[in-house]
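Written below as structure tokens is the structure these notes are about.
Every read-out reported here was derived from the displayed coordinates using simple, explicitly stated rules and does not represent laboratory data. None of the values given here were measured: they were computed from a predicted structure. Here the Cβ positions follow ideal geometry from the backbone for every residue, glycine too, while neighbour counts run over all protein chains shown.
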Amino acid sequence: MSNSSSMRGGRTRKFKAEINVVPYIDVMLVLLVIFMAAAPMVNPSVINLPTAAKSTLPPTEYIQISLKPDASASIAINDKKGGAGKPETASGRTDLVRKLAALHQENPELAVMISADKDIKYDEVIHAVSEAKKLGFSRVGLATR
């Protein structure tokens, strides 16, 4: 009876091949709570724009373009004394470009300084910079506070 050592009480022994999933469920619940708590802290829609320090001195004489949120603009020439010349108002993009071209004909060496309101569309500022570059202005800058 060599089989008696493997038999107990006359029955064969069956091995259980099951995985205990309770620890895995515990770990998954902990990870779920961590991700649920961390998700509101990450806000991908916020853009963190860099701040710019004044790297160079602004020119003493320049053409200042003031863009307003109501799609109007004003153009003035600032002289060496810091005083602004008589501002001309422009009703739209085409009027702004036309007046800027006329000022460039008179003073081709002047730089352009664009000061835009906070509530203006970014597209308007980019268009003003682009048009000034197309007209041949070598220096175009943005005014900051």
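Applied to segment 110-123, the Karplus parametrisation 6.51 cos²θ - 1.76 cosθ + 1.60 on θ = phi - 60° returns per-residue 3J(HN,Hα) values of 6, 8, 10, 10, 9, 10, 10, 5, 4, 8, 7, 5, 4, 4 Hz, with x for Gly and Pro.
Using R₀ = 35 Å, calculate the FRET efficiency as 1/(1 + (r/R₀)^6) where r is the Cβ-Cβ separation of residue 36 and residue 144; round to 0.05. So, using R0 = 35 Å, E works out to roughly 0.30. Between residue 98 and residue 26, the distance separating the two model label sites (each 7 Å from Cα on the Cα→Cβ line) works out to 7.9 nm.
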